[in-house]
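This report concerns only the one structure given below.
The values are calculated or read from the model by the stated rules, or taken from the named source; none is laboratory data. It should be emphasised that the depicted structure is a prediction, and the values quoted were computed from it without experimental measurement. FYI the Cβ positions are ideal-geometry reconstructions off the backbone, even for glycines, and counts take in every protein chain you see.
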Amino acid sequence: MKLFSYLRSLALRLFRRSQTENDIEEELRSHIQHRAEDLERSGLDPAEAERRARIEFGGRQRFQEECRDVQVGNSIETLAKDVRFSLRVLRKTPGFTLVAVLTLALGIGANAVVFAALNGFILHPLDLPRPESLYSVHRVTDNSSNQSYPDYLDLRDRNRSFEDLAAYNILQAGLDTGDKPTSSWLLAVSGNYFDVLGVKPFLGSFFHRFDERGPNSAPYIILSHAFWHSRFHGDSGVVGRTVQVNKHPFTILGVAPPGFRGTLLFFSPDFFMPMVNQEQLEGESILQARANRWIFMIMGHLKAGVTPQQAAADFDSLSADLEKAFPKEHGHWTYALARPSLYGEFLGGPMRAFLSALMLLAGLILLAACANLGSLFAARAADRSREVALRLALGATRLRVLRQLFTEALLISLMGGALGLWGGVMLLDSLRAWNPFPQFPFYLPVTPDAKVYGVAVLLTLASGFLFGAVPVRQVLHTNPYEIIKAGSTGRVGRRITLRDLLLVTQIAICALLVTSSIVAVRGLGRSLYGDFGFEPRNAILMNTNLDMADYRGDAVPAMQKRMIEAMATIPGVTSVGLVDWPPLTTGDIPGANVYKDETTDLRPTNSVAPSLILRISPDYLSTAHSALLAGRNITWHDDKDTPNVALVNQAFARRIFGAESRAIGQYFKRRDGTRIQVVGIVEDGKYENLTEGPKPVMFLSFLQSPSSQMSLVVRSNADPQHLAGAIRNKLHELDAGLPFRVQPWSQAMKLVLFPSQAATVALGVLGVMAAMLSITGIFGIAAHSVSKRMRELGIRMALGAQRKEVLQAALGRAFKLLSFGSAAGLLLGILATRVLSFIVYQATPRDPLVLAGSVLAMFLLGLLATWIPAQRALSANPLELLREE
Amino acid sequence: MTDQAQLLPGTLDLLILKAVSLGPLHGYGILLRIGQISQQALLIEQGALYPALFRLVRQGLLKASWGTSDNNRRAKFYELTALGRKRLREETKQWDRLAAAIACALAAEPEEA
């Protein structure tokens with residue numbers, strides 16, 4: 001029965017058109033039959049009656065068609081007629097059509113791209129089951145999510161809020177699949193990781209919690225889908241194969257599904273391994289060390305009915321218990337829950353703010369584009385008023401005329417939308433394939449999904465209606481007789497119109513964007529040539545980790561010494577220094593709490609300040625061009641057998657000892673109780689990112705505090721390309737099995753510069769778009785006012801008006817709008833740079849160059865936009881003009 | 001037949017509304033009714049009735065439904081809607097004014113000088 005009614009409705013839908021057709025036909029036939037019967041009754045024979053009835057009725061076909069036209073007024077045919085007519089009109093004015101379509105394509109493309117980013121980062125970040133209940137646990141106190149392994153186990157087993165808790169850490173390791181070992185990025189994860197996230201293997205199987213039976217008990221790895229493709233060419237035979245990770249055998253258990261890249265956006269690991277095997281990767285076991293917070297993040301699904309606030313309270317009380325049990329390792333901490341995808345609020349907050357601001361700007365740009373097109377359409381409707389009037393006079397309804405104008409608007413918006421979306425998708429594709437940081441597996445989650453397409457289509461239709469609606473009032477008030485009688489010159493409006501308001505808003509947005517992008521570019525310029533406390537230019541970094549070739553204990557500094565000596569023998573090399581984490585190449589340099597020498601109770605709450613730790617060789621400072629301000633440098637004699645010494649930066653000296661002058665010769669303590677004497681003071685610099693304030697840093701001798709993580713800084717006067725080759729050869733001679741990476745220091749800084757670069761590019765692109773829109777907007781209004789007043793201008797000239805006066809008459813209004821909008825935009829821009837200074841290095845609104853640049857840019861823009869109309873106004877030839885009319 | 005008057009443009013709608021206001025009718029019925037109430041004085045092209053009817057339905061002045069005529073034939077019946085009734089009143093008033101004005105104008109005698 002159900003099937004029957006379904007079929008019926010389907011048939012109805014399919015035959016709907018012929019149904020109305022039949023209806024009309026039947027009604028007309030019924031009329032003729034009634035008439036024929038009447039005629040028959042009056043004495044005619046049936047055949048004759050029928051014939052007469054038909055004749056009296058008139059052209060049945062014609063009436064039937066007329067009925068149909070009335071009945072299905074919005075039918076496909078009328079639409080097709082409108083579309084054909086619109087296309088013809090648009091083809092007749094290709095310039096207008098092109099400008100309109102491109103304007104809209106820019107607006108819609110920009111919105112689609114920004115929305116895709118917003119969608120990928122904020123709205124729908126992780127393609128995992130039940131994303132709404134997935135939370136990570138963050139310490140509010142020090143704004144981090146790091147945990148030690150024993151703490152993780154305690155939190156996992158004792159909390160009452162999560163179904164289960166998984167943990168992961170980001171590591172780098174040398175992977176040897178039989179040929180050449182390469183450096184890979186991996187996630188060291190808890191055994192329950194995949195089960196907690198609810199991910200199913202693409203191939204083979206995953207490891208589970210029951211596979212963990214103590215340290216180094218689970219030598220398994222899971223490949224990411226992308227890595228399986230790139231490194232193993234999608235060979236399904238890899239499952240069960242054994243590979244070497246940092247020279248230890250691991251079995252490939254399976255391959256993760258295509259969309260799964262862990263839970264941290266931006267980052268795309270090559271493979272996953274159980275964190276209980278951490279010792280094999282890093283040389284020493286830190287699974288028992290409660291104070292070593294090396295786990296990057298813990299996360300899981302909240303139990304049904306538990307709110308994030310309740311869970312945070314649960315963790316606060318757990319943390320208080322742990323603080324009581326382990327006072328040496330624990331501080332007083334409070335917790336909050338956040339989304340795991342953007343490292344909680346740390347990245348999530350600024351990202352959300354920045355993307356929302358971009359979305360707002362993109363929306364405003366589209367609005368400006370619509371305002372522009374609206375003005376263009378209104379101007380066109382005015383120019384076409386004769387045509388419209390004629391059509392009205394010939395009996396077209398206003399509705400029909402409006403519908404035709406709307407069809408034109410929608411056609412343009414559809415073309416623009418399609419073009420914009422196409423461009424946007426191309427841009428997104430190249431963004432996804434783009435990796436600006438060769439040392440880091442970077443991934444931009446900007447896939448255009450159904451939501452992105454939906455938003456683009458919606459915006460397209462909405463903008464079509466929006467700018468199509470601008471000339472409606474005009475058409476509704478058209479009086480055909482007046483216009484045909486008087487011609488279209490009409491009157492010149494003096495009052496402030498909605499169009500003026502839109503244009504001012506648009507110019508203001510443009511000025512805002514121009515100011516912001518100049519600020520961003522200035523900041524970027526400064527950040528490339530700024531004073532970082534070191535000189536990245538002309539320095540080459542060789543980065544590696546000796547764990548990858550299984551160096552242990554004393555072998556580490558010994559090997560590092562050999563490497564330094566080998567580099568120094570390369571011709572052209574002037575100096576070689578070693579540092580474990582070169583400043584501004586990683587967002588996260590390890591640090592530790594610093595205690596005063598007299599402190600005996602070394603619990604975290606008693607520390608003076610946290611400090612970053614850099615382990616360096618004696619020649620590092622001179623190689624990096626970091627100035628030693630006072631005291632002595634570290635020497636080759638500061639090794640294991642001599643007392644611990646450190647260099648500190650100015651910020652450290654001020655924070656720990658109160659003044660720089662008092663620091664030298666003083667001692668401070670680390671948490672394990674080691675006393676360290678300060679022997680020298682180094683100038684302050686930038687270490688983790690460009691917008692940071694002064695940070696305390698201690699520099700330790702790599703002989704006293706060895707680290708297998710290392711970079712050699714090589715400065716030379718030789719050709720960098722040639723030098724990089726020489727460095728590779730030397731390293732190969734020393735140890736052929738050690739993966740490493742060679743790149744200029746300034747290039748390695750890309751990761752740190754990325755936020756400001758991205759902001760600059762985004763603002764720059766939007767700024768250029770806004771400028772283009774403002775130009776077309778001002779041009780439109782100026783050209784329109786000139787063409788409407790040509791006759792007046794001609795008369796003025798005939799009466800002896802000077803060029804200046806003519807220009808003032810023709811363009812005064814456009815210039816007034818321009819200066820008003822620019823002023824408003826500059827003001828907004830100055831306010832907005834306060835926000836920008838969080839992302840961009842030294843973005844200051846009080847930079848005279850920025851202000852001058854913005855004013856100049858807006859002035860040039862106005863000049864460009866009014867140039868052609870001005871020329872036209874000046875070329876007004878009174879004689880010709882007067883003759884014409 | 002020959003002394004029938006041509007219909008002024010726009011008046012057909014008014015006539016239809018008036019005819020239907022006296023009771024629901026099908027198309028042919030409307031034609032007959034107009035003939036009857038105008039005492040056969042108006043010439044209406046039969047087919048032209050239908051586009052007008054469809055237009056009035058679309059404007060919401062009439063509503064239509066299928067039924068059976070006196071001759072036992074299927075036919076579409078039209079009746080006035082509330083809006084249609086209102087429109088009929090307005091149009092009638094307007095027509096009266098116009099007719100009176102024109103009649104008055106035409107009745108004017110040349111003034112004797």
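When B:Glu45 is tested against the conditions (1) surrounded by fewer than 21 Cβ atoms within 10 Å (Cβ to Cβ); (2) facing chain A (nearest Cβ under 8 Å); (3) assigned to a strand (DSSP E or B), the lone failure is (3).
Residue count for the stretch A:383-400 under the criterion of being surrounded by fewer than 20 Cβ atoms within 10 Å (Cβ to Cβ) and not charged (D, E, K, R): the result is 7.
Can you tell me which residues in the stretch B:16-28 are facing chain A (nearest Cβ under 8 Å) and in a helix (DSSP H, G or I)?
Pass one, the stretch B:16-28, residues facing chain A (nearest Cβ under 8 Å): B:26-28.
Result: B:Gly27, B:Tyr28.
Tell me which of these B:Leu80 doesn't satisfy, since it passes every other one: (1) buried (at least 18 other Cβ atoms within 10 Å of the Cβ); (2) touching a His at 6+ places or on another chain (Cβ under 9 Å). B:Leu80 satisfies every listed condition except (2). Assigned by TED's automatic domain parsing to the domain that holds A:Gly577, at pLDDT 90 or above and more than 39 Å from the chain's Cα centre (by Cα): does that describe A:Gln677? Against the criterion (assigned by TED's automatic domain parsing to the domain that holds A:Gly577, at pLDDT 90 or above and more than 39 Å from the chain's Cα centre (by Cα)), A:Gln677 qualifies.
Against the criterion of being under 23 Å from the mean Cα position of the chain (by Cα), at pLDDT below 90, under 26 Å from A:Pro257 (Cβ atoms) and not in a helix (DSSP H, G or I), A:Pro125 qualifies.
Residues that are within 24 Å of A:Pro257 (Cα to Cα), touching a residue at least 40 places away in the same chain (Cβ under 8 Å) and buried (at least 21 other Cβ atoms within 10 Å of the Cβ) do occur in the stretch A:136-158, at least one of them.
Checking each residue of the stretch A:326-335 against the condition of being surrounded by fewer than 22 Cβ atoms within 10 Å (Cβ to Cβ), touching a residue at least 24 places away in the same chain (Cβ under 8 Å), closer than 28 Å to A:Leu546 by Cβ and touching a helix residue (DSSP H, G or I) at 6+ places or on another chain (Cβ under 6 Å) gives no match. When you check A:Gly349 against the structure, is it free of Cβ contacts under 8 Å to residues at least 60 places away in the same chain and under 21 Å from the mean Cα position of the chain (by Cα), yes or no? Yes; evaluated as a whole, the condition is true for this residue.
Going through A:Ser356, A:Ser375 one at a time, which residue ends up being modelled with pLDDT of 80 or more and either farther than 18 Å from A:Leu458 by Cα or part of a helix (DSSP H, G or I) (or both)?
Working: A:Ser375 fails: modelled with pLDDT of 80 or more.
Exactly one of A:Ser356, A:Ser375 is modelled with pLDDT of 80 or more and either farther than 18 Å from A:Leu458 by Cα or part of a helix (DSSP H, G or I) (or both), namely A:Ser356.
Of the strands (runs of 3 or more DSSP E) lying entirely inside the stretch A:263-340, those containing at least 2 residues that are under 21 Å from A:Asn143 (Cα atoms) and not β-branched (Val, Ile, Thr) are A:297-301, A:335-338.
Can you pull out the residues in the stretch A:796-818 that are farther than 21 Å from A:Ala382 by Cβ, surrounded by 15 or more Cβ atoms within 10 Å (Cβ to Cβ) and not charged (D, E, K, R)? Steps first, please.
Step one: filter the stretch A:796-818 for residues farther than 21 Å from A:Ala382 by Cβ, giving A:796-808, A:815-816, A:818.
Now restrict to residues that are surrounded by 15 or more Cβ atoms within 10 Å (Cβ to Cβ): A:796-797, A:801, A:806-807, A:815, A:818.
A:Met797, A:Ala801, A:Val806, A:Leu807, A:Phe815, A:Leu818, listed by residue number.
What about A:Leu28, is it part of a helix (DSSP H, G or I), modelled with pLDDT of 80 or more and at the interface with another protein chain (Cβ under 10 Å from one of its Cβ atoms)? Considered against the rule, which asks whether it is part of a helix (DSSP H, G or I), modelled with pLDDT of 80 or more and at the interface with another protein chain (Cβ under 10 Å from one of its Cβ atoms), A:Leu28 comes out as yes. Of everything listed in (1) surrounded by 22 or more Cβ atoms within 10 Å (Cβ to Cβ); (2) within 34 Å of the chain's Cα centre (by Cα); (3) in a loop (DSSP other than H, G, I, E, B), the single unmet condition for A:Pro201 is (1).
Given the options A:Gly120, A:Gly109, A:Gly95, name the one that is buried (at least 22 other Cβ atoms within 10 Å of the Cβ), modelled with pLDDT under 85, in a helix (DSSP H, G or I) and more than 14 Å from chain B (Cβ to nearest Cβ). Just one listed residue meets the conditions, A:Gly120.
Residues that are surrounded by 19 or more Cβ atoms within 10 Å (Cβ to Cβ) and not hydrophobic (A, V, I, L, M, F, W, C) within the stretch A:291-313 comprise A:Arg293, A:Gly300, A:His301, listed in sequence order. Set side by side, the residues A:Pro604, A:Pro571, A:Pro590, A:Pro582 differ, and just one is surrounded by fewer than 21 Cβ atoms within 10 Å (Cβ to Cβ), under 40 Å from the mean Cα position of the chain (by Cα) and touching a residue at least 24 places away in the same chain (Cβ under 8 Å), which is A:Pro604.
Could you check the stretch B:48-59 and list, in sequence order, the residues that are assigned to a helix (DSSP H, G or I), more than 7 Å from chain A (Cβ to nearest Cβ) and not β-branched (Val, Ile, Thr)? Let's see the steps before the verdict.
Looking only at the stretch B:48-59, we keep the residues that are assigned to a helix (DSSP H, G or I), and these are B:49-58.
Filter once more, so that each one left must be more than 7 Å from chain A (Cβ to nearest Cβ): B:49, B:52-53, B:56-57.
Selection gives B:Leu49, B:Ala52, B:Leu53, B:Leu56.
For the stretch A:723-746, a residue qualifies if it is part of a helix (DSSP H, G or I) and without any contact (Cβ under 8 Å) to a residue 24 or more places away in the chain, and the qualifying residues are A:Gly725, A:Arg728, A:Asn729, A:His732.
This table checks each residue for (1) outside any strand (DSSP E or B); (2) of a type in the set (Ser, Thr, Tyr); (3) closer than 30 Å to A:Phe296 by Cβ.
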{"site": "A:Thr574", "(1), (2), (3)": "no, yes, no"}
{"site": "A:Leu578", "(1), (2), (3)": "no, no, yes"}
{"site": "A:Ile589", "(1), (2), (3)": "yes, no, yes"}
{"site": "A:Asn593", "(1), (2), (3)": "no, no, yes"}
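For B:Arg89, indicate whether it is more than 12 Å from chain A (Cβ to nearest Cβ), surrounded by fewer than 16 Cβ atoms within 10 Å (Cβ to Cβ) and part of a helix (DSSP H, G or I). Criteria met by B:Arg89. Looking only at the stretch B:60-86, residues that are in contact (Cβ under 8 Å) with a residue 24 or more places away in the chain, within 17 Å of B:Lys18 (Cα to Cα) and either in a strand (DSSP E or B) or within 12 Å of chain A (Cβ to nearest Cβ) (or both) come to 5 in all. Of all residues in the stretch A:432-474, which are surrounded by fewer than 21 Cβ atoms within 10 Å (Cβ to Cβ), part of a helix (DSSP H, G or I) and in contact (Cβ under 8 Å) with a residue 24 or more places away in the chain? Once the filter is applied, which keeps residues that are surrounded by fewer than 21 Cβ atoms within 10 Å (Cβ to Cβ), part of a helix (DSSP H, G or I) and in contact (Cβ under 8 Å) with a residue 24 or more places away in the chain, the stretch A:432-474 yields A:Lys451, A:Tyr453, A:Val455, A:Val457, A:Leu461, A:Phe465, A:Leu466, A:Ala469, A:Val472, A:Gln474.
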